[in-house]
Amino acid sequence: MKAVVYERAGAPSVLQVVDRPVPEPGPGEVLVRVAVSGVNPTDWKSRQSTTPRDGWQIPNQDGAGVIEAVGTGVDESLTGERVWVWEAAWRRPWGTASEYTVVPVRQVVLLGAAPFDLGASLGIPFLTAHRCLTVGETVPDQLHPGALAERTVLVQGGAGAVGNAAIQLARWAEATVVTTVSSPEKAQLAAAAGASHVVNYREQDVVAEVRKIAPDGVDVIVEVAAARNAAVDAQLLAPSGTVAVYADDGGDEVTIPIRAMMVPNARWQFVLIYTTPWFAKARAIDNLAAAVAQGGVHVGADAGLPLHYYPLDRAAEAHQAVQDSVVGKVLITTSAQ
Ligand SMILES: NC(=O)c1ccc[n+]([C@@H]2O[C@H](COP(=O)([O-])OP(=O)(O)OC[C@H]3O[C@@H](n4cnc5c(N)ncnc54)[C@H](OP(=O)(O)O)[C@@H]3O)[C@@H](O)[C@H]2O)c1
C-alpha cells in the first residue's frame with residue numbers, strides 16, 4: 001500500500017510517500033481501506049512539533065473508507081461497511097493518510113450512504129463543535145432537532161472548519177445562530193452553513209449587533225480566539241451562559257473580568273477533543289451519526305465549507321494549505337476513492 005509517513009518532526013517536507021505492507025488488524029481492531037483523509041490544524045501542529053513515539057507516524061486523525069477486515073473479538077459482519085474514523089493518529093502511528101489504516105473498532109462509525117467527503121470531515125471539527133454546544137449549564141447534553149430551540153448561540157469565526165460545524169449542528173438542533181467573520185466572502189459561507197445573522201467583526205460593533213438579536217444575551221459562545229474576544233464575549237453572555245473555548249488562535253492567554261462574570265454565574269469552559277470525557281464523546285458520536293443519517297450536516301461550498309482535494313502523493317501540499325489557513329476543508333484522496 002501507499003502511505004504518507006514521517007519519522008521526525010518538521011516542515012511539510014518531512015512527509016514521505018512510501019510503500020508498506022497492508023497491516024493486519026489486531027484484537028479489537030478493524031482494517032479500513034481509506035478513501036478520503038481529512039486534514040485539520042492538529043495534524044500539521046503534531047507533525048511540526050512532535051517526534052513520532054514509534055519512530056514513524058502516518059499523519060491525520062480523520063478519514064472515511066470501507067472496513068476490509070476485522071481482528072479477533074470484532075463482529076465480522078462489519079466487513080464491507082462504509083465508515084468514518086475519528087482520532088486514528090491519537091497516541092497511535094496509524095493515521096489516515098494511507099491507503100489502509102488500522103483502528104480500534106470503537107473509533108469507526110457507520111456512514112451509511114453518506115459521502116466519504118463528509119465522513120472524512122466529521123471527527124475533529126464536528127466532535128469539537130458538539131462538545132462546545134453541549135458543555136454549558138443551560139443547554140442539553142445531547143443534540144437533536146429541537147434540542148436548542150429557544151436558545152441563541154454565538155459562533156466566533158463561522159467560516160472556519162469548527163465554526164462551520166458548530167453552525168450546522170446548532171441549526172440542526174434549531175438554535176438561533178449568530179456568527180462573526182472577517183470578510184464578505186466568509187459571511188456568505190457562514191450564511192450558507194445556516195447562520196441566521198452574520199456580523200463582520202472587522203467592520204461592525206459585535207456587541208451592539210448581537211444584542212439586537214439577543215437582547216438578554218446568548219446561551220453559548222463557541223470561541224476560537226478567546227484572547228482577542230474575551231471582552232466582547234463577557235458582554236454578551238446570558239445568565240448562566242457558557243463560553244466554550246476550543247482554540248488559542250490570536251493569543252494563548254486570556255483576561256476575564258471576574259465580577260462581571262460572577263453576576264450572570266457565567267462559565268468559561270475549555271475544550272480539547274482528545275481528552276473530552278468519554279461519556280460526552282460517546283453522546284457526540286451518537287448524535288453526529290443521527291445528524292448524518294437525517295441529512296442534517298453537509299460539506300462543500302453549498303454548506304459553507306468549500307472542499308480542496310489533494311492526492312496522497314501531494315500530502316505535503318495538503319498540510320501546507322491547512323497551515324496557511326485555506327478557507328474550507330482540505331481532503332486527501334487515495335486510489336481507493
Ligand atoms: N480544542 C480542540 O479540540 C480543537 C479541535 C479542532 C480545532 N482546534 C483548533 O481550533 C482552531 C481552528 O481550527 P479550524 O479547523 O476551525 O481552523 P480554520 O478552518 O482555519 O478556522 C479558524 C477560523 O477562526 C477565525 N478567526 C480567527 N481569529 C478570529 C477572531 N478574532 N474572531 C473571530 N474569528 C476568528 C478565522 O477567520 P478570520 O481570521 O478571517 O476571522 C477562521 O475562519 C485551530 O487552532 C485548531 O488547532 C481545537
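The values are calculated or read from the model by the stated rules, or taken from the named source; none is laboratory data. Just so we're clear, the structure is a prediction, and the values are computed from it rather than from any experiment. Cβ sites come from the backbone with ideal geometry, for glycine too, and all protein chains shown count toward neighbours. What goes into the accessible areas is simple: the full protein's heavy atoms, side chains included, and nothing from ligands, DNA or RNA. Shrake-Rupley method; radii C 1.70, N 1.55, O 1.52, S 1.80 Å.
In Å, what Kirkwood hydrodynamic radius results for segment 212-282 from the alpha-carbon pair distances? Walk me through the numbers before you get to the answer.
Details: mean 1/r = 0.0781 Å⁻¹.
When all Cα pairs of segment 212-282 are included, the Kirkwood radius is 12.8 Å.
Determine the gain in length on full extension of the stretch R202-A231; use 0.36 nm per residue of separation and subtract their C-alpha separation, reporting nm with one decimal. Please report the intermediate quantities before stating the final value.
Values: separation 29, 0.36 × 29 = 10.44 nm, distance 1.52 nm.
Full-extension gain reported as 8.9 nm.
When the Kirkwood hydrodynamic radius is evaluated over all pairs of different C-alpha atoms of segment 33-134, what value in angstrom, to one decimal, is obtained? Don't jump to the answer; show the numbers that get you there.
Numbers: mean 1/r = 0.0722 Å⁻¹.
So the Kirkwood estimate lands at 13.8 Å.
Helix-only estimate, please: 222 nm mean residue ellipticity of the chain, summing -39500 (n - 2.57) across DSSP H runs of length 4 or more and dividing by its residues, to the nearest 500. Walk me through the intermediate numbers first.
Numbers: 10 runs with 96 residues, N = 337.
Rounded to the nearest 500, the figure is -8000 deg cm²/dmol.
With contacts defined as alpha carbon pairs under 8 Å and 6 or more residues apart, what's the relative contact order of the chain in percent? Please list the in-between numbers first.
Details: 842 pairs, mean separation 62.6, N = 337.
So the answer I get is 19 percent.
Which whole-number value in Å² is the accessible area per residue of segment 8-65, probe 1.4 Å?
Values: 2480 Å² over 58 residues.
The answer is 43 Å² per residue.
Tally up the carbon and sulfur contribution to the accessible surface of segment 229-337 as a whole percent, 1.4 Å probe, everything protein left in place. Don't skip to the end; give the middle numbers.
Details: 2750 of 5230 Å².
Here carbon and sulfur together make up 53 percent of the probe-accessible area.
Taking the alpha carbon gyration tensor of the chain, what are the square roots of 5 times its eigenvalues, largest first, to the nearest whole Å? If you can, show how the numbers build up before the last one.
Values: eigenvalues 243, 85, 64 Å².
With the √(5λ) rule applied to the chain, the semi-axes are 35, 21, 18 Å.
Please identify which residues in segment 19-49 have an amide N closer than 20 Å to a label point set 7 Å out from the Cα of E68, following the Cα→Cβ vector.
19-38
Once neighbouring chains are kept in place and the probe is 1.4 Å, which whole percent of the accessible area of segment 1-159 is contributed by carbon and sulfur? Could you put the intermediate results ahead of the total?
Working: 2890 of 5900 Å².
Roughly 49 percent, rounded to a whole number.
Put +1 on the Cβ of every Lys and Arg and -1 on every Asp and Glu Cβ in segment 1-76; which of L31, T50, V74 then has its Cα farthest towards the positive end of the dipole?
Farthest towards the positive pole: T50.
What's the local net charge at V322, with K and R +1, D and E -1, over the other residues with C-beta under 14 Å away?
On the way: positive: K45, R47, R314, K329; negative: D43, D62, D249, E317, D324.
Value of the local net charge: -1.
Restricting to the chain, what percent of DSSP beta bridges are antiparallel, rounded to 5?
Within the chain, antiparallel bridges account for around 55 percent of the total.
Can you give the net charge of the other residues whose Cβ lies under 15 Å from the Cβ of I256, counting K and R as +1 and D and E as -1? Present the calculation step by step, with values, prior to reporting the outcome.
Values: positive: R228, R259, R267; negative: E223, D233, D248, D252, E253.
Value of the local net charge: -2.
Taking every DSSP beta bridge that has both residues in segment 52-205, what percent is antiparallel when rounded to the nearest 5?
About 40 percent, rounded to the nearest 5.
Applying 1/(1 + (r/R0)^6) with R0 = 30 Å to the Cβ-Cβ distance of R106 and K2, what FRET efficiency is obtained, to the nearest 0.05?
Values: r = 27 Å, r/R0 = 0.89.
E(calc), rounded to 0.05, equals 0.65.
Quick one: angle between helix 161-172 and the longest Cα principal axis of the chain, in degrees between 0 and 90, rounded to 10, please.
Tilt relative to the chain: about 70 degrees.
Name the longest site-free stretch of the chain, where the excluded sites are GluC sites (Glu not before Pro) in a DSSP loop with no more than 11 other beta-carbon atoms within 10 Å.
Details: sites that count: E150, E203, E253.
Looking at the chain, 1-149 is the longest stretch - no exposed GluC sites (Glu not before Pro) with at most 11 other Cβ atoms within 10 Å.
Taking the Cα-to-Cβ direction at T255 and at S240 and moving 7 Å from each Cα, how far apart do the two end points lie in nm?
Result for the modelled spin labels: 3.1 nm.
Counting heavy atoms of the protein chains only and a 1.4 Å probe, report the per residue accessible area for segment 238-337 as a whole number of Å². Before the final figure, lay out each step's value.
Numbers: 4960 Å² over 100 residues.
On a per-residue basis, 50 Å².
Quick one: which residues, 5 or more positions from G241 or on another chain, have an amide H under 5 Å from its amide H? H modelled 1.01 Å from N in the peptide plane, none for Pro or chain starts.
R267
Between F279 and D313, how many nm apart are label points set 7 Å from Cα along the C-beta direction?
For the pair F279/D313, the computed spacing is 5.1 nm.
Just give me a number: lysine pairs in the chain, eight or more positions apart or cross-chain, with C-alpha atoms less than 28 Å apart. Before the final figure, lay out the partial values.
Numbers: K2/K45; K2/K329; K45/K186; K45/K281; K45/K329; K186/K212; K186/K329; K281/K329.
So the count of such lysine pairs works out to 8.
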